[in-house]
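Peer 1: The structure is given below, and queries will be raised subsequently.
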Amino acid sequence: MLTRTVASCLLAVALAGCGERVPPLTALDADAVVLAFGDSLTFGTGAATRESYPAVLEQLIGRKVVSAGVPGETSAQGLARLPEAIEQAQPRLLILCHGGNDFLRKLPESDAAANVRAMVKVAKDKGVEVVLVGVPKLGLTAVPAGFYADIAAEFRLPYDGAILKTVLTDNALKSDWVHPNAGGYARIAQSLADLLKKAKAIR
């Protein structure tokens, strides 16, 4: 019998790899706001502000994307900050990319998982839909922590568990060992735009 984690991972891979099986999102109106929430990967460390993934994504999808990335922030700090960020931005959709600093500081993975899950619940309880981005753990393979796939499957979220691994294992797309450069952020933005199309959030 498959364990819950393995089953969740298989489901998340299937959802991410097959366009029609990506969990659907409500179509975003032209004036809808998207909140990109996270740490330095969302802030755009390693590139100019206009080259961050939220700035590029805004141009790709034709909707306002509010960048709410705080470099160095842990998932516990993100959880504390999220309600106010949602209140200020009034988004229709949250793109959640968090947990990397927990891994860098070698904080308990179980705590990061609990905090990311709680952030998803905060958003959904406020009527905000969620797209989840898997953040790689330390190591040469840059594989995302397994709990991201679990959470995506649990809440049936559109999930991108591949793009950060792709970018952070390609030196041509990095500004340092943990941050993309402008080209890397552009790749992230394009991957997320493609995922939003598969989820029917945009055309």
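The values are calculated or read from the model by the stated rules, or taken from the named source; none is laboratory data. Just so it is clear, the model here is predicted, and its values are computed rather than measured. Note: ideal-geometry Cβ built from the backbone for every residue, glycine included; neighbour counts use all protein chains shown.
Peer 1: How many residues are of a type in the set (Val, Ile, Thr) and surrounded by fewer than 20 Cβ atoms within 10 Å (Cβ to Cβ) when one looks only at the stretch 129-166?
Peer 2: Selection size over the stretch 129-166: 3.
Peer 1: What's the number of the only condition in (1) closer than 23 Å to Ala47 by Cβ; (2) at pLDDT 95 or above that Leu138 fails to meet?
Peer 2: (2)
Peer 1: Pick out the one residue from Asp160, Asp170 that is in contact (Cβ under 8 Å) with a residue 12 or more places away in the chain and in contact with a helix residue (DSSP H, G or I) (Cβ under 6 Å, 6 or more places away or on another chain).
Peer 2: Answer to the check: Asp160.
Peer 1: Further, regarding this structure: Go over the candidates Val143, Val122 one by one and state the one that is more than 12 Å from the chain's Cα centre (by Cα) and modelled with pLDDT under 95.
Peer 2: The conditions single out Val143.
Peer 1: Of (1) touching a Gly at 6+ places or on another chain (Cβ under 9 Å); (2) under 25 Å from Arg50 (Cβ atoms), Phe147 satisfies all except one. Which?
Peer 2: If we test Phe147 against (1) touching a Gly at 6+ places or on another chain (Cβ under 9 Å); (2) under 25 Å from Arg50 (Cβ atoms), just (2) comes out false.
Peer 1: Among the residues that make up the stretch 49-71, is at least one of them touching a Cys at 6+ places or on another chain (Cβ under 9 Å) and either in contact (Cβ under 8 Å) with a residue 40 or more places away in the chain or crowded, with 24+ Cβ neighbours inside 10 Å (or both)?
Peer 2: Looking through the stretch 49-71, at least one residue is touching a Cys at 6+ places or on another chain (Cβ under 9 Å) and either in contact (Cβ under 8 Å) with a residue 40 or more places away in the chain or crowded, with 24+ Cβ neighbours inside 10 Å (or both).
Peer 1: Testing Phe43 on (1) aromatic (Phe, Trp, Tyr); (2) free of Cβ contacts under 8 Å to residues at least 60 places away in the same chain; (3) in contact with a helix residue (DSSP H, G or I) (Cβ under 7 Å, 6 or more places away or on another chain), one condition comes back false. Which one is that?
Peer 2: If we test Phe43 against (1) aromatic (Phe, Trp, Tyr); (2) free of Cβ contacts under 8 Å to residues at least 60 places away in the same chain; (3) in contact with a helix residue (DSSP H, G or I) (Cβ under 7 Å, 6 or more places away or on another chain), just (3) comes out false.
Peer 1: Search the stretch 146-179 for residues being more than 29 Å from Ala32 (Cβ to Cβ), in a loop (DSSP other than H, G, I, E, B) and not charged (D, E, K, R), and hand back the single one that is modelled with the highest pLDDT.
Peer 2: Ser175
Peer 1: Output the number of residues of the stretch 9-32 satisfying the condition of being surrounded by 17 or more Cβ atoms within 10 Å (Cβ to Cβ), at pLDDT 50 or above and over 13 Å from Asp160 (Cβ atoms).
Peer 2: The qualifying residues number 3.
Peer 1: Still on this structure, please answer the following. Which members of the stretch 76-124 meet the condition of being touching a residue at least 60 places away in the same chain (Cβ under 8 Å) and among the polar types (S, T, N, Q)?
Peer 2: Within the stretch 76-124, Asn101 is the sole residue that qualifies.
Peer 1: Does any residue in the stretch 128-152 that is under 14 Å from Ala162 (Cβ atoms) and of a type in the set (Ser, Thr, Tyr) come within less than 8 Å, Cβ to Cβ, of a residue that is at pLDDT 95 or above and crowded, with 20+ Cβ neighbours inside 10 Å six or more places away or on a different chain, and which pairs are these?
Peer 2: Between residues of the stretch 128-152 that are under 14 Å from Ala162 (Cβ atoms) and of a type in the set (Ser, Thr, Tyr) and residues that are at pLDDT 95 or above and crowded, with 20+ Cβ neighbours inside 10 Å, the close pairs are Tyr148/Gly99; Tyr148/Val116; Tyr148/Leu132; Tyr148/Val133; Tyr148/Gly134; Tyr148/Val135; Tyr148/Tyr159; Tyr148/Gly161.
Peer 1: Related question: Regarding Ser191, is this residue in contact (Cβ under 8 Å) with a residue 24 or more places away in the chain, of a type in the set (S, T, N, Q) and in contact with a Gly (Cβ under 9 Å, 6 or more places away or on another chain)?
Peer 2: no
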